[in-house]
1. Of the residues F47, F18, only one is away from ligand 2 (no atom under 16 Å from the Cβ), hydrophobic (A, V, I, L, M, F, W, C) and more than 20 Å from K232 (Cα to Cα); which?
2. Among the residues of region 200-233, count how many are not in a helix (DSSP H, G or I) and not small (G, A, S).
3. Kindly indicate the residue of region 77-93 that is touching a residue at least 60 places away in the same chain (Cβ under 8 Å) and hydrophobic (A, V, I, L, M, F, W, C) and also farthest from Y36 (Cα to Cα) among those meeting that condition.
4. Tally the residues that are of a type in the set (A, V, I, L, M) and over 19 Å from S182 (Cβ atoms), restricting the search to region 62-85.
5. Can you find even one residue in region 72-84 that is of a type in the set (A, V, I, L, M, F, W, C) and either more than 16 Å from ligand 2 (Cβ to nearest atom) or under 12 Å from the mean Cα position of the chain (by Cα) (or both)?
6. Filtering region 219-269 down to residues that are more than 23 Å from the chain's Cα centre (by Cα) and crowded, with 24+ Cβ neighbours inside 10 Å, which residue is farthest from ligand 2 (Cβ to nearest atom)?
7. C31 is checked against (1) within 16 Å of ligand 2 (Cβ to nearest atom); (2) at pLDDT below 95 and fails just one. What number does that condition carry?
8. Would you list the helices (runs of 4 or more DSSP H) that sit entirely within region 27-138 and hold 1 or more residues that are within 16 Å of ligand 1 (Cβ to nearest atom) and among the hydroxyl-bearing types (S, T, Y)?
Amino acid sequence: MKHNLHIYNTLSSKKILFTPLHVERVGLYVCGPTVYSDVHLGNVRTFLSFDLVFRYLQFLGYTVRYVRNITDAGHLENDADQGEDKIGKKARMEALEPMEIVQRYTVDFRNVMHQFNALSPSIEPTATGHIVEQIEATKLLLEKGWAYESNGSVYFDVELYQKTNHYGKVSGRVIEELLAGSRELEGQEDKRSSLDFALWKKASPYHIMRWPSPWGEGFPGWHLECSVMSTKYLGTEFDIHGGGMDLKFPHHECEVAQNNGCNGTDGARIWMHANMLTLNGKRMSKSTGNTLLPAELFTGKTPHLTKGFSPSVVRFFMLQAHYRSVLDFSNDALLAAEKGFDRLMEGLRVLQRRTPTSFAGPSQWNVEQWSASCQAAMDDDFNSPMVIARLFDAVKAIYADAEGTVPLTDEDAARLLHTMQEWLYVVLGIPSASSHGSENRSAAFEVAMEAVLMVRQLARVKKEWATSDAIRDILAKANIAIKDGKEGTTYSVGA
Ligand code: AMP
Ligand code: ZN
């Protein structure tokens with residue numbers, strides 16, 4: 001497969017040409033949410049960044065296995081080895097079963113991602129569904145000497161690992177500084193070194209989610225689930241692992257150490273990190289309460305906003321920033337994004353309603369070159385803001401054609417419409433006007449219908465009436481009525 005996609009790899013701190021391990025298949029793993037509370041817009045940004053990656057890889061023709069886990073056990077309050085399980089705590093506070101909490105927020109998460117028109121991953125494995133595999137991986141790390149048992153818990157021996165490996169290759173952290181920073185922390189008494197992290201933790205009597213193991217009743221460490229599930233579904237070596245910047249340390253650093261300990265590889269060849277969404281300059285975060293929820297955004301019922309915004313506008317707003325840049329959320333920024341979004345959609349409508357001109361050509365504006373420039377932008381580490389800039393160039397071309405200053409042939413106009421829709425709907429994942437917030441399939445349907453109408457329009461221009469009539473009749477049988485009017489051809493379903 002020929003392409004020129006370059007991806008920024010955190011491990012080498014530079015962009016590299018993407019060459020998948022298998023010719024046509026790509027393995028992509030993304031750390032999913034911990035399902036103990038509503039997802040906020042910061043979480044949404046990270047998942048939309050990887051939705052863009054997933055979409056573009058598919059657009060290039062790859063068959064992608066996209067694994068995004070659901071963390072439903074093992075993630076403790078302090079993101080390390082201390083405190084209560086986040087889900088267990090919520091269950092205790094609400095007097096519910098932990099799995100009721102998990103179910104509630106998993107459903108909520110899926111609904112939210114659906115509202116933002118994100119594609120579903122190929123597999124959504126859960127930590128609790130892979131306890132056996134996590135116990136096996138812990139046993140393997142013990143056998144290989146990378147881990148030790150202490151008082152019913154099992155820890156990864158970071159100092160030993162560091163002697164032959166580089167602990168810090170993901171996060172750039174320096175081990176001496178980490179040591180200095182972690183000595184004072186509580187709950188280190190079972191560990192050989194304060195840097196060691198839990199693979200398996202002994203459950204205290206009040207810990208609800210617990211499983212039997214060779215070391216007694218306990219639960220897996222948070223980092224282990226991602227190593228185990230990525231290996232199980234994508235292999236000991238696979239193409240891309242993603243997550244938010246804040247997961248570089250300790251989560252991804254520990255994943256890489258575990259992968260090397262178990263299999264002698266980093267797991268993924270490319271580690272991608274999406275940057276943070278901030279609110280008033282501060283990171284949006286569940287723990288500090290500096291968050292905005294999708295529902296608040298849609299309704300505008302929050303002191304941060306003067307009105308509500310549609311998921312499409314918010315998606316567009318997020319894609320106007322590169323995934324590795326910090327993006328600050330504000331009312332003004334959203335109003336500006338909405339204006340831009342409306343301008344783009346209006347341009348598209350002008351093109352959709354264009355009346356054929358029979359201009360003999362050649363077109364004064366090159367559609368193919370334009371589309372290639374969109375691809376070049378995406379090939380440069382998924383540069384969505386650049387693609388959006390190119391889409392605005394296309395809008396200018398649409399008006400120049402409409403005014404007759406830079407005319408397009410009918411064929412090129414039809415091609416431009418089709419290509420613009422492909423970039424907007426298929427790659428950027430903006431839902432088409434008629435499918436706002438509804439299933440992604442509608443966007444695909446819209447693109448397909450535009451293609452069909454384009455073929456019919458070309459047939460009409462060439463006076464190939466048999467073809468154009470056949471298309472109309474086939475569509476009529478499927479209850480899709482098409483109407484040729486002054487403003488071009490429109491269609492309606494089921495009327
Ligand atoms: P969590 O549910 O806390 O494990 O987070 C799920 C994902 O959201 C992780 O990949 C985090 O890196 C990401 N995330 C959390 N806060 C933000 C933020 N403010 N901006 C972007 N991504 C975030
Ligand atoms: Zn993870």
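The values are calculated or read from the model by the stated rules, or taken from the named source; none is laboratory data. Keep in mind that this is a model prediction, so the values were computed, not measured. Quick reminder, even Gly has a Cβ in these numbers, built from the backbone with ideal geometry, and neighbours come from all protein chains shown.
1. F18
2. Taking region 200-233 and keeping what is not in a helix (DSSP H, G or I), we get 200-221.
Checking which are not small (G, A, S) leaves us with 200-202, 205-212, 214-215, 217, 219-220.
Result for region 200-233: 16.
3. Once the filter is applied, the top-ranked residue is A80.
4. 4
5. no
6. Applying the filter and picking the extreme gives F219.
7. (2)
8. Where helices (runs of 4 or more DSSP H) fall fully within region 27-138 and carry at least 1 residues being within 16 Å of ligand 1 (Cβ to nearest atom) and among the hydroxyl-bearing types (S, T, Y), they are 41-59, 98-115.
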